[in-house]
Every structure is written in C-alpha cells, then in structure tokens.
Amino acid sequence: QVQLVESGGGLVQAGGSLRLSCSASGGTASTYGMGWFRQAPGKESEFVGAISRSGSSTYYADSVKGRFTISRDNAKNTVILQMNGLKPEDTAVYSCAASRATLQYYSSGRSYDYWGQGTQVTVSS
C-alpha cells in the first residue's frame, strides 16, 4: 500500500508562485507514473499534469501548459508541481496520484490507484 502526502499549498496573489510536493511512502516512487489533479468547490476533478516513471515524459492540461512544471526526484520519493503565474481560476484542492501500470490514459482519474489527501491552493485577484 502506497501513501501519498501533498504539501506546499497556501494563499497567494495572482501572478505569484507555489511549489507543491508529493511525498510517497510504502513503495518506491520510480515504480509509479504520477499525476496531479485539482478540484474546485462545486466542480468536477480536473487533470493538471502527469509524469512518467523515469521522469522522461511529462503531460499538461492546456489550461496550465507553460505555467506549471512537473518534475520528480525518485531518490527522495517526491514529485514536484511548480506553479508560476497563478490565476484566480487555479484555486482548488490539488491532489497527487500514483499509477501502478503504464499510463495509457494519463488524464483520467480512473488510471490511478493511489491518491493523496490534497492540499488547498487559493489565488486572490
């Protein structure tokens, strides 16, 4: 069983930056493809980005491409979501997720086996 814990959320002004971390325990980070999702109040969960097991491939939603960057440090069992140029519409609870298998449909939550508890990101205008 893998446990995922997010950290780094908070309140920032529009145009600011935040660095979210996802720490994995109970497994080896390199075993899993990793994804980030977000959910705003009253909204459905939305795919943000994903990264392959080795970190050689990354994928982003159009809404965050060019502003957000996903990276991973398998030696530390961590995945990072660097968020720059934040907008009020980025406000949401951000969750990381891990997939045991190769990510065939990386933008679908159904592709992931383990989920973190989420961390709140609030962007003020």
Selection count where residues are part of a helix (DSSP H, G or I) and among the β-branched types (Val, Ile, Thr), scope the range 28-56: 1
Looking for whichever is modelled with pLDDT under 95 and not acidic (Asp, Glu) here; the options are Ser52, Ser95, Ser63, Ser45. Which one fits? Ser52
Quick check on my filter: what residues within the range 89-122 are farther than 11 Å from Cys22 by Cα, hydrophobic (A, V, I, L, M, F, W, C) and surrounded by 21 or more Cβ atoms within 10 Å (Cβ to Cβ)? Ala92, Val121
Kindly list the number of the only condition in (1) without any contact (Cβ under 8 Å) to a residue 24 or more places away in the chain; (2) under 14 Å from Ser45 (Cβ atoms) that fails for Tyr94. (1)
In this structure, is Tyr59 surrounded by fewer than 20 Cβ atoms within 10 Å (Cβ to Cβ) and in a loop (DSSP other than H, G, I, E, B)? no
For the range 49-56, check the following and say yes or no: at least one residue is in contact (Cβ under 8 Å) with a residue 24 or more places away in the chain and more than 16 Å from Leu4 (Cβ to Cβ). yes
Determine which member of the set Leu86, Leu18, Leu81, Leu4 is in contact with a Cys (Cβ under 7 Å, 6 or more places away or on another chain) and buried (at least 16 other Cβ atoms within 10 Å of the Cβ). Leu4
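The values are calculated or read from the model by the stated rules, or taken from the named source; none is laboratory data. All values reported here derive from a predicted model rather than from experimental measurement. Neighbour counts run over all protein chains shown; Cβ positions are idealised from the backbone, glycine included.
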